[in-house]
Amino acid sequence: MSIVQIIVIVSALFFFGQVMYFTSKNKLQDQQAFIWLMFASIGVLLALFLDKINQLASSIGIAYMPSLIFVIAFLIILNLLIFHTISLTKQQNKVKNLTQELAYLNKEIREIKKNQLKG
């Protein structure tokens, strides 16, 4: 096992521990924690099979293996951004609906109070 593999494994395990810590302190929800734990696990697997990834890169015509890893990481991050954008959009819609409902209820309360003062 090379020094690069050891560094990547230790980094991925540290990342794994960090995600577990944030999850236990309720700073990270389970759904997002699962995604990050998958990334940490993939990092460990990549480190273990670094030679196979190098062979794969050579077989598809990529001379420099880190370029393949960079492209894969870039695509994964783009998909993660799409996922978070979808989640953000859902949250924004919920906030908008709750704000509209709150405004409607406040209007009803004001009307009830106004009618009680008149009656």
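Remarks
- Computed from Cα atoms, the angle from the helix 65-118 axis to the main principal axis of the chain rounds to 10 degrees.
- Distance between modelled label sites at Leu105 and Val71, nm, 7 Å Cα→Cβ extension: 5.3 nm
- Among 5-15, 72-82, sorting by the average number of other beta carbon atoms lying within 10 angstrom of each residue, highest first, gives 5-15, 72-82.
- Total lysine pairs in the chain at Cα distances under 25 Å, for residues eight or more apart or on different chains: 7.
- Positive dipole terminus of the chain, leading residue within Ile76, Leu88, Ile112 (C-beta point charges): Ile112
- Computed from Cα positions, the angle between helix 50-59 and the longest principal axis of the chain comes to roughly 80 degrees.
- With a Förster radius of 41 Å applied to the beta-carbon distance between Asn54 and Ile86, the computed FRET efficiency rounds to 0.75.
Values quoted throughout were computed directly from the atomic coordinates according to the rules given, and no laboratory measurement underlies them. Every value quoted in this text rests on a predicted model; they were computed, and no experiment measured them. Here Cβ is always computed from backbone atoms with ideal geometry, including for glycine, and neighbour counts include all displayed protein chains.
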